[in-house]
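What follows is a short report on a single structure.
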Amino acid sequence: MSLTSERTKAGLARARLSGRRLGRRPTQIPVDVVREYLQLGLTKKAVYRMLVKQGLLRYQEKGVVKVLSYNQFLQRLKTLGL
């Protein structure tokens, strides 16, 4: 391994041990709106499409506005218990 690689991995390990969260921040999902739509009988795919059209699943990464992918949306719903 190169010295640069070793130092990078050591720095990341040190950051994890100190409790820092690595990676980009998660996109905020309007949980109350999602629950409301699901209670109305809409599928998760339909809820996702509606939220995208409303612009509620956008986030900014390196100055570029992006939309949360459907798979990431499902993963977030799972972690939120929906």
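Could you tell me which of the residues 45, 78 is part of a helix (DSSP H, G or I), surrounded by 10 or more Cβ atoms within 10 Å (Cβ to Cβ) and either in contact (Cβ under 8 Å) with a residue 40 or more places away in the chain or within 17 Å of the chain's Cα centre (by Cα) (or both)?
45
Search the range 1-38 for residues being in a loop (DSSP other than H, G, I, E, B) and touching a residue at least 40 places away in the same chain (Cβ under 8 Å), and hand back the single one that is surrounded by the fewest Cβ atoms within 10 Å (Cβ to Cβ).
Per the stated criteria, the residue is 26.
Please go through the range 1-13 and pick out each residue that is basic (Lys, Arg) and more than 30 Å from residue 68 (Cβ to Cβ).
Residue satisfying the conditions is 7 alone.
Quick test of your reading of the structure: residue 51 fulfils all but one of (1) in contact (Cβ under 8 Å) with a residue 24 or more places away in the chain; (2) in a helix (DSSP H, G or I); (3) within 15 Å of the chain's Cα centre (by Cα). Name the failing condition by number.
Unmet for residue 51, out of (1) in contact (Cβ under 8 Å) with a residue 24 or more places away in the chain; (2) in a helix (DSSP H, G or I); (3) within 15 Å of the chain's Cα centre (by Cα): (1).
Output the residues belonging to the range 10-37 that are touching a helix residue (DSSP H, G or I) at 6+ places or on another chain (Cβ under 8 Å) and over 17 Å from residue 53 (Cα atoms).
The answer is 22, 26.
Which numbered condition in (1) at pLDDT below 85; (2) loosely packed, with under 10 Cβ neighbours inside 10 Å is the only one that residue 65 fails?
(1)
Any chance you could count how many residues in the range 55-74 are touching a helix residue (DSSP H, G or I) at 6+ places or on another chain (Cβ under 9 Å) and not in a strand (DSSP E or B)?
At the first step, the residues of the range 55-74 found to be touching a helix residue (DSSP H, G or I) at 6+ places or on another chain (Cβ under 9 Å) are 56-58, 67-68, 70, 73-74.
This time we only want the ones that are not in a strand (DSSP E or B), so: 56-57, 68, 70, 73-74.
So the count comes out to 6.
Looking at the range 36-43, is at least one residue on the phi > 0 side of the Ramachandran plot and modelled with pLDDT of 90 or more?
Yes, because at least one residue in the range 36-43 is on the phi > 0 side of the Ramachandran plot and modelled with pLDDT of 90 or more.
Mind listing just one residue for me: the one in the range 48-59 that is at pLDDT 90 or above and of a type in the set (D, E, K, R) and, of those, surrounded by the most Cβ atoms within 10 Å (Cβ to Cβ)?
For the range 48-59, the residue satisfying everything is 49.
The values are calculated or read from the model by the stated rules, or taken from the named source; none is laboratory data. Predicted, not measured: the structure shown is a model, and the values here were computed from it. Cβ: placed from backbone, ideal geometry, glycine included. Neighbour counts: every protein chain shown.
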